[in-house]
Structures are given as C-alpha cells and as structure tokens.
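The values are calculated or read from the model by the stated rules, or taken from the named source; none is laboratory data. Source: prediction; values computed, not measured. All Cβ positions, glycine included, derive from the backbone under ideal geometry; neighbour counts span all protein chains shown. Note: accessible area is taken over every heavy atom of the protein model, side chains too, but ligands, DNA and RNA are not part of it. Shrake-Rupley method; radii C 1.70, N 1.55, O 1.52, S 1.80 Å.
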Amino acid sequence: MRLKKLYYFMLKTFLPQFMMTFIICLFIVMMQFLWKYIDELVGKGLSVDVIAELFFYAALSFVPLALPLSILLASLMTFGNLGEHVELTAMKSSGISLTKVMAPLFVLLSIVAVGAFFFQNNVLPKSQVKMWTLMFSMRQKTPTLDIPEGTVYTQIPGYNLYVKKKGKGNDMLYNMIIYDVSSGAGYPRVVTADSGRLSFTPDKQHLVLNMYHGNWYEDMKSGSGARMGESLYRRESFKDKEIMIRYDANFTRMDEDAMRSQYVGKDIAELRQTIDSVNLHVDSVSAAISRDLRVMPVCGVPPKKFEFVDSGKTRQTINKVVLDHPVNFDSLMQSLQPTARHMVCEQAMSSAMNQKQDFEFRGFALTDDNFTIRRHEIEMWKKFTLSLACIIFFLIGAPLGAIIRKGGLGTPIVISIILFIIYYIIDNIGYKLARDGRWVVWEGIWLSSAVLLPLGIFLTTKAVNDSAVFNPDVWMNFLRRITGMHQVRKLAVKEMVMSDVESHVAIEMAQALKESCSQFLQRYPGRQSYIEYWKHGYDKPALRALSKQIDDIAEYMSNSRDQMVINKVMDYPVIRNLLTYHPTRIPKLGLAFAVLFPIGLPFYLVGLRHQRNLKRDIELTVRVSDQLIAILNNEYTREMEYNPS
C-alpha cells in the first residue's frame, strides 16, 4: 500500500510539470518556425483559419523535437524539487531506493515512448504532408495589394504603378503613372491619370483599374514590318477609362500527392518499399554498367567474335589472345614518325576520356538514387530514435535532479539547455554524415543515442549509490592529487567535546611525529638521480604512515578548547600520496620507463619538483611540532614563529 501511494505521489508530481514543460518547449520551437518563415507569411492576405491550420500541423510536426527536451526538463525539476525539500532523503531513509522512486515514471515514459513511435509512424507523415503543402501554397500566393505612396509598385504582374498620393481609406489614388510591360520592356505603354480607383472582380481573378482624366501613350512600331526611319505612335486622352488586369488574389491549395510521395509523407512500410524498389533499380543499372565495362574492346581486340553460318549468326567468346612473341610497345612507338606518335597518343587519350565521361554520366543517376535511399533510411531510423531519446533523457534528468537537488526553473533550465544543445549538435553531425554517405545511415542516426545512453546509465548508477559526483570538494581533491596542488587543513573549535586533550599524550604524539619526519629526511638527504628515481623513488608506505600520524594528531588535538592550539594544528600540511613520488613498484618496469627518454625525462622533472615540495612540507611538520610542544608546555613565544630554529 505504501508503494502504491508513492507511485501516485510521483505521478501527481511529475505529470503537471511534464505537461507545462512540453507546452513551453513546443511554443519555443514554434516561435523558431515562425521567425524562420515569417517573410513568406506576412503580406499575403491569408485568412486566420489558414494560418491556424498551418500552425496546428506545424505543432504536430515539431513534437519529436519538443518531447525529449520536455522530459529532460520535467524530470530535472521533479527530482530537483524532491531533493531540495528533503523529500527524497525521507524516502531513502524509510528504505525506498531511488530506483523504486523512478520506477512509476519510467513505466509512464516507456508508454510515452511507445506512443511516440506510433505517432512518428502514423501521425507525423500526414501532418508534415499537410504542413509543407500549405507552406508551398502560401509561397505561390500573390501578395496583398498594398500600393505605397511615392514609390514604384512592381507586384502586379506585367505592370509597374506609381502613385504620388492616396486618399482617405486608400480607395482613391492621385497622380498615377502606369507602365504596361506585359508585352515586353522594349516598347511599353504608359498611362497617366489625375486620379483612379482599384478594385477586384467578384471572383478575385482580375484587378479593375478605373482612371479619370488622363492620357494613353503607346509605341505602335512593329519590329520586322517597319522600314528604317519609320515611327508609329498612339496617343489617347480620356476622361474615364477602365483597365482589367489578370491578378489572382485567391488562395489555391496545391495537390498533396506530390508531397505524399516524398520521404516525409511515408510510414515505415512505404519507406521500406521505396528503399527496396530503388535498390533494385540501382542493382540493375550497376549490373548494366559492369556488363558494358567487361565487353569493351581492349587494345582494339573485342572479347567476343561473331561467325556467320547458314542457320544464322552465332557468337563465340574469345577466351585468350595468344601472341607468337612478346611485343615491345616502346620499340613500336619509336618506329613511328613523331607526328604519328603524337596522333596515336591523342587518339588514345581522347578514347579514354570519352569512355570515362560516358560512364560517369551514366553513374550520375546512381548518385541520385543512392541519395534517395539514404534519405528514406534516415527517415525510417528516426522513427525509432525518438522513443529511445525519451528514455535516455529521463535517465539523465532524474538522477541529475536527485544529485544537484535544485528545483524551480533556474538551474534545471540551464542544465537542460546545455544537455539538449549537446544532443542536438551530435544528432546533426550524425545526420549529415549519414546523409552525405560518409557513414552508414544507422551509425549516423544512432550516434547521439550511443553517446548519451552511457551518460544516463552513469548518472543513474551514481545517484543510486549516493556518489558525490558534483561535490566540488571531491573534484578539487582529485585535481590536487593529480597536479600536486597544496591542500589546506581546516579545523574549528568544537561546541561540545566528549574527551579532553591531555597535554602529555599530545606532546608524546608530537615527539613521535617529529622523530618520524626526521628519519624520513635522513633517509632521503639529497636529490635522487634519474635511474634511482625510476627504480626506487620515495617509500610510499612510509609516507602513508607519516600522513596517518599527522591526521591522528590533528584529530586528537581537534578536541582542544584552546583556539591557539587549533590554529597551530591547522599549520600541519596535508601529506599527499602522489604518483610522482614513486611511479612504479616494479624496478624493472621503472627502468623500462627510464629508457624511454622522451617520456621519462619530463615525468622525472615533475617528480623532482613534487619531491622537493614534499620535503618542504615534512620540514614544516617538524617546526609545527616544536611550536605545538612549546604551546602545550606554556613555553611558546612569538619569536618562535619567526625564528623556528
């Protein structure tokens, strides 16, 4: 019963955030679509229902892009809120593991992933066909008639119109000049009018232009019928004249059959059928080209010979051409005149180039067919990648939210955007490699999933085991161990002490530590040679024992109530166990590394620097021990800080 309530609680927490983030992500990608195609939609006079229909189909088409991002963001927010409000800690303390907490959401998103597959296969092709059909229809629609003042308007096919001024309501036009270039730009007709009015016919197929008080100028010269020097013009004055211009202002939808035959309008069965049919065509064309290559004459000798008999023509294959003696091609060429040799070379090059160009031209069709096959295979594999992407982003978002323990919209949005950008870049790289034929199609399309799935498994494992993946102290300690950076010991006076510090015990521990440090310094008085460093190095067990002595005295002295003692104990350095102190425990292996001079020398120089720093820390340990003993014996003076000797 407890687990059922837990499942209900997790679903109730996750679903509202999932719906909210899905709507937000879909809105963002829709805005990107609008900004990209805004120039093709504005100024066309499209009705609201057509725009709404386009946006509806576009929203369906962009679901594969918005769904994984919304799952990532919702899972980050859900588990981040649970971690921030200590609810996740309470669940773990009651014996419920993170996998059980994630189980109901994993089942839910598995159902969503299955639904996403059927959506990709059944709904998305139809929505994309309708969306792109509407887009191409809108591109071909003529713009809305909006004639500006003081500018030549060129959007009327075959006519250029200039209007100096428009009346109130834009129904009257004043000081009009019309250039009729419908019959060619060589001899245009020019019409001027004091005023006029534009209107459409009831079927919106023609534009009616009523003009008042103007003149008509037309060059009547015919190109071939007029003699040299002849000119014929026409001039007409009018008070009221009407011109009808063909101008289709209606919105006409294109036929969807052309778009339905493209790869975006096919389901898996249709994609497989197209791939098989195009592959069959490619195989047949390739076989024909291969057959023609095999039967081409070689050095003028055809591979087949024909013999005519009474019953008709029969063909026999020449299997082998046998020469009486080897032919020296160089001697044959030298026996020819220079002009003849040049002619033979030119003929051979021309024949080879002609055959090469012929087969390259025949191969162009194969290039287009192979591209068609790749595009259909890409579309087929993408119907599966969306479902897996939903699961992968949940496996990334849920444990990541449990680790960072930050809810709200701040940190989750930043992390989600960064991860989704990485996914989008990798996915586009794989897509382009597959589209251009540089990779096998399935390798390119599954590249993003192959990269992010291990990340999801890694984060889930770390979150289940409560590993400090994003603890900055852990990473800083690791970095210090790799680079040899100095670490600072931190202690504070405890508010409650269970056992007091006894001075004689602390002095004995400090004396023992001082003696161990002195023995180590005496054991390694000088700088090690190159061979000695690689064969022996510093004694790591002795260093670990020395580090443990320092940690023990620091832990014991942390119970002191004296702030001066605490401050002095913090002066003890942290003895690290670096690889550069002793690269290998096997002398022969160290000698082998030493022989590899280009690699061994830089490592040796870094190791000497780290060893020098280690000796400095051990010397500091001796001085701090002396000062700590003086403090415990009430003999410490400020001069000891500056004159440690």
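Criterion first (assigned to a helix (DSSP H, G or I) and over 23 Å from the mean Cα position of the chain (by Cα)) does L76 satisfy it?
Here the answer is no, as L76 does not meet what is asked.
What's the total number of residues in region 310-344 that are open to solvent by 70 Å² or more (accessible area, probe 1.4 Å) and at pLDDT below 65?
Total satisfying the criteria: 9.
Matching residues to (1) assigned to a helix (DSSP H, G or I); (2) within 24 Å of P64 (Cβ to Cβ); (3) over 18 Å from the mean Cα position of the chain (by Cα):
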| residue | (1), (2), (3) |
| --- | --- |
| S350 | yes, no, yes |
| M353 | yes, no, yes |
| D369 | yes, no, yes |
| E377 | yes, yes, yes |
| L388 | yes, yes, no |
| I403 | yes, no, yes |
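Residue check: is S70 at pLDDT 85 or above, crowded, with 22+ Cβ neighbours inside 10 Å, closer than 28 Å to Y263 by Cα and of a type in the set (S, T, N, Q)?
In short, yes.
Could you list, in sequence order, all residues of region 1-39 that are more than 16 Å from S70 (Cα to Cα), open to solvent by 40 Å² or more (accessible area, probe 1.4 Å) and more than 28 Å from the chain's Cα centre (by Cα)?
M1, R2, L3, K4, K5, Y7, Y8, F9, K12
Name, by its number, the condition in (1) farther than 30 Å from N121 by Cα; (2) modelled with pLDDT under 75; (3) in contact with a Leu (Cβ under 9 Å, 6 or more places away or on another chain) that does not hold for K204.
(3)
Every residue, every condition in (1) more than 16 Å from R616 (Cα to Cα); (2) part of a helix (DSSP H, G or I), yes or no:
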| position | (1), (2) |
| --- | --- |
| E508 | yes, yes |
| A512 | yes, yes |
| Y538 | no, no |
| A542 | yes, yes |
| S547 | no, yes |
| D551 | yes, yes |
| I566 | yes, yes |
| T584 | yes, no |
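Out of region 351-397, which residues are polar (S, T, N, Q) and more than 30 Å from S284 (Cβ to Cβ)?
Selection gives T385, S387.
If you go through region 67-88 one residue at a time, how many are in contact with a Pro (Cβ under 8 Å, 6 or more places away or on another chain) and either basic (K, R) or within 8 Å of G401 (Cβ to Cβ) (or both)?
Residues meeting the conditions: 4.
Residues checked against (1) open to solvent by 30 Å² or more (accessible area, probe 1.4 Å); (2) under 22 Å from V29 (Cβ atoms):
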site: A398; (1), (2): no, no
site: I403; (1), (2): yes, no
site: G407; (1), (2): no, no
site: I415; (1), (2): yes, yes
site: D427; (1), (2): yes, yes
site: L433; (1), (2): yes, no
site: E443; (1), (2): yes, no
site: W446; (1), (2): yes, no
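When you go through L400, L395, L388 one by one, which is the residue that is at pLDDT 90 or above and touching a Gly at 6+ places or on another chain (Cβ under 9 Å)?
Of L400, L395, L388, the one residue that is at pLDDT 90 or above and touching a Gly at 6+ places or on another chain (Cβ under 9 Å) is L395.
Quick check on this structure: which one of V48, V86 is open to solvent by 50 Å² or more (accessible area, probe 1.4 Å) and within 23 Å of L459 (Cα to Cα)?
V86
Residues in region 550-564 that are over 49 Å from the mean Cα position of the chain (by Cα), surrounded by fewer than 19 Cβ atoms within 10 Å (Cβ to Cβ) and not small (G, A, S): how many?
Within region 550-564, residues that are over 49 Å from the mean Cα position of the chain (by Cα), surrounded by fewer than 19 Cβ atoms within 10 Å (Cβ to Cβ) and not small (G, A, S) number 8.
Pairs please, first residue from region 423-441 and under 14 Å from L452 (Cα atoms), second anywhere and among the small types (G, A, S) and open to solvent by less than 40 Å² (accessible area, probe 1.4 Å), Cβ atoms under 7 Å, 6+ apart in sequence or on different chains.
Y423/S448; I426/S448; D427/S448; G430/G444; G430/S448
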